[in-house]
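Before any comments, here is the structure.
The values are calculated or read from the model by the stated rules, or taken from the named source; none is laboratory data. Just so we're clear, the structure is a prediction, and the values are computed from it rather than from any experiment. FYI the Cβ positions are ideal-geometry reconstructions off the backbone, even for glycines, and counts take in every protein chain you see. Quick note on the areas: whole protein, heavy atoms, side chains included, nothing else; ligands and nucleic acids left out. Shrake-Rupley method; radii C 1.70, N 1.55, O 1.52, S 1.80 Å.
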Amino acid sequence: MTVSFRDLAERVLDALLESIPEAATALGDHRFDDRLGDLSPEGVAASAEVLGDALTALDQVEEADLDVEDAVDLEILRTTVAARRWELTELRAHEIDPLVHLPGDALYPLLGREIGDAEARLRALAARMTAVPRRLEVARRVLHDMPRVHVETAIVQTRGIAGMLGADLDTLLDRAPALRAEVLPARAAALDALAEHTRWLEAALPTSDGDPRLGERLYAARLWYTLDTETTPDVVLTRAESDLQAVEEEIAELASRIE
């Protein structure tokens, strides 16, 4: 069972990371550095199906047959997969939050971190920049009821991403000038797409009146997936108020000694 579970866990983890290539890069897995996640309706549906199949397979593992370490890994992996599937199918932030679609988290690690030789990073950057126009076109197609604060922040971040593709990328190109013919057209296409997206966000700002709050049901679910416990929001609030009161009493006691 141990060998079987570890083989399954590896396959599930690979599928999870492949569906979120930006997260894989951030975690140090560079197999998918040339890709962006697909947040189109078709891409989301495909990812949700893969995650659903993974959950089914994980639920069939007999936890009692595993040693303690593998049983813990099973629980962590199951919760992670379930949380990602919930994000895609229930939370659906990609439909209301423009920040989810911005490519900054995909481009920055390849630009700002020494995570490999310059040529490999530039080739991955070229591939990701080439994918930026479609990524932002998908965003404009699926987004609706956006909260104003998210749109305002997205405008600032979109301009920042464009700036990031300037001097920082030129510096990296100086280390591998032979790749200019591959990288520069991709950068131009990405910059044009970012400029177009900025204009779209600015035009959408006056009518962006969506509620940025999750609401009671989604907040409770997010809390559950984040903490992986049955702790409810009311319990968290009670504990926070109790801790606050204890700190205030301690501050008052210390202040009285000073006087």
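Structure data summary
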read-out	value
Test: residue in region 90-111 that is in contact with a His (Cβ under 7 Å, 6 or more places away or on another chain), of a type outside the set (Phe, Trp, Tyr), at pLDDT below 95 and more than 25 Å from Pro41 (Cβ to Cβ)	no
Qualifying residues in region 44-75 (those that are in a helix (DSSP H, G or I) and touching a residue at least 60 places away in the same chain (Cβ under 8 Å)) - the one farthest from Ala127 (Cα to Cα)	Asp65
Filter result for the condition that a residue is farther than 30 Å from Asp211 by Cβ and out of contact with any helix residue (DSSP H, G or I) (no Cβ under 8 Å at 6 or more places or on another chain), over Glu62, Glu119, Glu49	Glu62
Elements of type helices (runs of 4 or more DSSP H) contained in region 102-221, each with 3 or more residues being within 22 Å of Ala23 (Cα to Cα), open to solvent by 80 Å² or more (accessible area, probe 1.4 Å) and touching a residue at least 40 places away in the same chain (Cβ under 8 Å)	118-142
Any pair with Cβ under 9 angstrom, 6 or more apart, that starts in region 233-244 at a residue that is within 19 Å of Leu218 (Cα to Cα) and ends at one that is of a type outside the set (Ser, Thr, Tyr) and part of a helix (DSSP H, G or I)	Pro233/Glu216; Pro233/Ala220; Pro233/Leu223; Val236/Leu223; Val236/Leu227
Conditions (1) open to solvent by 50 Å² or more (accessible area, probe 1.4 Å); (2) assigned to a helix (DSSP H, G or I); number of the one not met by Val81	(1)
Scan of region 15-29 for residues that are open to solvent by 50 Å² or more (accessible area, probe 1.4 Å) and not small (Gly, Ala, Ser), ordered by number	Glu18, Leu27
